[in-house]
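Here is the structure we will look at, set down as structure tokens.
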Amino acid sequence: MLWINSIFQSPQWLWLFAALTIPIAIHLLRRSNPQQISFAALQWVQRYSQSRARRPAVDNKWLLLFRLLIVAILAILLSQPLIKRNFYPQEIVVLVDSRIPAETAMDFIHSSLPQLTEANYKVLWLSPETTAITSPPEQNVDLWKTLSLLSRRAELRYAHILLINNTFPTAHQALRSSPHWQWHSLNKPTTPQSPLLPRLATMGEVPNWWIPLLQDWRRTMPGLSVQTLGTEEIPNAEQTDWLIYAGPAPLPQAVSDFVVNGGLLITDNSIQAPGDVAFVFVPENHSVQAAPLGRGSWLRYQKDWHSADFYRRADLPNALWQQWSAQDWPLQHLNRGQWSGSVTMGIAVADTDIERRRSEQLQPGMIIALLLLLTLERLLALSRAPAHRRSKTPPGSSEEPRHG
Amino acid sequence: MEYLSPKTLASCRDLVWLSRHIAEGVMLGVQHSQRRGTGLEFHQYRGYQAGDAIRHIDWKLFARSDRYYVRETEQESRMHVCFVLDTSASLGQASFVEPSLNKLHYAKCWIASLCWLLSAQGDSFSLLALNNQHSIHMPEGRGENHQRQIALQLQRLTASDHWPDQSQLAPLWQYFERPCQVVLLSDFFEQDNEISHFAARLHAAGRPCLPLQLLIEAEQTFPFDGELKLLNPEANSNSPAALEVDAEQQRQSYLNAFAQAQTELKARFAAQDCLLQSNLIEQPVEKSLHQFIQRHGRLC
């Protein structure tokens with residue numbers, strides 16, 4: 001019965017279709033009991049149509065048809081069908097952040113979106129009610145909840161969205177958005193912010209591949225700073241993010257403190273972990289283990305990174321960067337804040353999920369049709385009444401009022 | 001003057017008063033001499049009967065005998081009109097316009113009114129109401145009293161059964177032995193031309209009858225529609241008791257057949273030198289009487 005629920009908003013009213021039997025029954029009963037009148041001049045009435053088989057199944061076919069239609073339309077009207085229609089927005093919608101003054105928004109649209117001024121467009125406040133921009137804006141709109149809500153609206157699928165600025169603090173991953181939205185911001189950042197880079201430090205005897213790797217990284221990420229620490233030096237978690245430790249086997253206490261204070265320690269399998277550190281394999285990579293240690297984490301390779309089968313691979317710079325930065329959650333967090341609106345963000349709501357069924361458009365037409373049918377039915381029923389009134393039956397013969 | 005509406009006609013129970021009222025309307029403006037129903041020559045005393053006018057009671061005789069006697073006088077007869085009224089069941093056909101009015105009631109009013117007119121001019125009249133079960137004969141008489149008695153008798157008549165057959169008609173011929181003018185009221189819905197035969201035989205016997213056919217409007221127009229079950233008040237072997245028809249389909253064929261039958265009927269009576277007058281009972285009695293009197297000038 002789920003399909004009924006998807007077609008009708010109130011499918012319980014579909015039982016009203018059983019009422020279709022009422023007019024049929026009335027017409028059939030009328031048929032079985034024709035009007036009886038006494039008529040002395042019967043001898044001049046021909047007898048050929050005496051057999052009931054020649055009679056039509058129901059008389060007043062049009063009247064019956066109208067009555068059936070009235071009942072059916074009433075049932076459909078009450079059960080509120082949801083008509084599926086492909087919704088192609090007729091006009092372009094601009095949703096404006098309610099913190100922006102209306103004049104500023106209009107100025108921005110005229111200056112920055114000249115393609116809109118030629119087309120048919122309307123400007124709405126970015127609020128759950130999407131009121132027109134001529135009305136006062138709503139205060140304290142939860143931008144992300146509102147955007148997520150509006151992402152399911154078919155008529156807003158291709159909207160332009162004007163925000164006050166284009167950088168977002170956090171929580172954008174809970175956002176649902178339409179992939180067709182076009183984002184604009186009033187305050188464009190003056191210089192595109194480069195993503196934050198981790199501060200690197202090495203300790204001990206670095207492997208041979210480190211220098212080429214670093215050169216490769218510096219090519220793509222200029223400004224990457226690398227510090228070389230002596231084995232006696234104490235790494236500072238506030239100045240260093242990633243520490244590549246290739247020193248002697250027992251991990252110095254200073255390095256342990258660095259991890260506990262929030263740093264990321266990267267070692268190979270030559271460093272044995274203390275007993276209380278619980279390593280787990282990194283998902284989808286069984287050559288590397290990670291363990292939380294205080295506020296930081298320890299990334300340890302299962303292989304000796306001096307061996308050739310560790311570093312003889314083309315994607316070594318990318319793979320290591322991904323593996324290491326995936327473990328640095330504070331860095332990820334900081335970089336997330338710099339994420340720009342020009343990138344498709346949030347969870348895209350697929351076109352197939354859009355609510356396209358609408359029932360509102362159907363009802364006025366059906367009410368008009370119902371009234372029209374009622375009028376026609378009355379007209380038809382009453383137009384038969386005068387003929388009936390002429391043929392009043394004399395007392396004594398049984399008469400049933402005919403239709404109407 | 002205003003004619004009585006069919007509803008008034010149907011709802012009025014006092015046929016005596018009604019007939020006199022109608023007759024007054026018909027006679028309106030007619031210059032006539034004072035012609036009471038009583039003559040100058042004393043004829044006989046007879047016992048008082050219901051319907052006799054109280055002023056005709058001979059009070060002196062009452063004082064002597066302590067009985068009511070009515071003094072009857074003789075008047076030379078000018079004409080004797082014999083009303084023959086068909087009281088078969090088909091005369092019970094009611095109008096579809098005014099369902100409380102049927103053909104028989106109309107005929108009663110018509111006869112009683114004409115009797116009053118005849119009594120006013122001193123003619124005598126008698127009544128023969130017949131069907132195959134009962135035949136009621138009111139002998140020839142004249143005057144107000146006779147009209148009153150005929151009206152009372154008419155009031156008791158009901159429509160039932162059929163037109164009498166030959167054997168049942170045989171004893172009735174005696175009523176036509178004396179010269180009389182027969183007025184025949186019926187709907188002339190015959191199975192086997194039996195009413196026409198009756199009229200033809202009267203004609204052959206030198207008693208030409210003046211026929212008045214009573215119809216209802218629906219019989220001329222067949223205004224019905226839809227499915228109908230038509231009940232025949234006079235069912236017999238030839239016509240069924242009931243017929244289910246589709247009125248629209250039947251209308252044209254019925255109207256053709258009915259018009260054909262009417263033409264034949266009129267032709268038969270025209271051959272006997274008596275014009276058939278057909279009246280709808282929805283029309284006023286006065287009009288019908290007027291037309292009848294004008295058509296048959298020898299009557300009044």
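Tabulated results
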| read-out | value |
| --- | --- |
| When residues of the range B:44-58 are limited to those that are surrounded by fewer than 12 Cβ atoms within 10 Å (Cβ to Cβ) and not charged (D, E, K, R), the one nearest to residue B:150 (Cα to Cα) | B:50 |
| Inter-residue pairs, beta-carbon under 7 Å, first under 16 Å from residue A:73 (Cβ atoms) and in the range A:1-30, second part of a helix (DSSP H, G or I) and among the hydroxyl-bearing types (Ser, Thr, Tyr), 6+ apart | A:8/A:79; A:10/A:79; A:13/A:79; A:14/A:79 |
| Options B:63, B:50, B:10: the member that is touching a Leu at 6+ places or on another chain (Cβ under 9 Å), small (Gly, Ala, Ser) and modelled with pLDDT of 85 or more | B:50 |
| Flag for residue A:325 being buried (at least 16 other Cβ atoms within 10 Å of the Cβ) and assigned to a strand (DSSP E or B) | no |
| Elements of type helices (runs of 4 or more DSSP H) contained in the range B:184-300, each with 1 or more residues being modelled with pLDDT under 90 and surrounded by fewer than 22 Cβ atoms within 10 Å (Cβ to Cβ) | B:194-204, B:247-271, B:285-295 |
| Selection from the range A:126-135 of residues that are of a type outside the set (Val, Ile, Thr) and out of contact with any helix residue (DSSP H, G or I) (no Cβ under 9 Å at 6 or more places or on another chain) | A:129, A:132, A:135 |
| Qualifying positions in the range B:76-107 - of a type outside the set (Phe, Trp, Tyr), more than 15 Å from residue B:132 (Cα to Cα) and part of a loop (DSSP other than H, G, I, E, B) | B:76, B:77, B:78, B:79, B:93, B:95, B:97, B:98, B:99, B:100, B:101 |
| Odd one out for residue A:194 among (1) modelled with pLDDT of 85 or more; (2) outside the structural domain of residue A:240 (by TED's automatic domain parsing) | (1) |
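Every residue, every condition in (1) within 7 Å of chain A (Cβ to nearest Cβ); (2) in contact with a Phe, Trp or Tyr (Cβ under 7 Å, 6 or more places away or on another chain), yes or no:
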{"site": "B:226", "(1), (2)": "yes, no"}
{"site": "B:230", "(1), (2)": "yes, yes"}
{"site": "B:237", "(1), (2)": "no, no"}
{"site": "B:241", "(1), (2)": "no, no"}
{"site": "B:249", "(1), (2)": "yes, no"}
{"site": "B:254", "(1), (2)": "yes, yes"}
{"site": "B:261", "(1), (2)": "yes, yes"}
{"site": "B:266", "(1), (2)": "no, no"}
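The values are calculated or read from the model by the stated rules, or taken from the named source; none is laboratory data. What you see is a predicted model, and the numbers here were worked out from it, not measured in a lab. Reconstructed Cβ throughout: ideal geometry from the backbone, glycine too, with neighbour counts over all protein chains shown.
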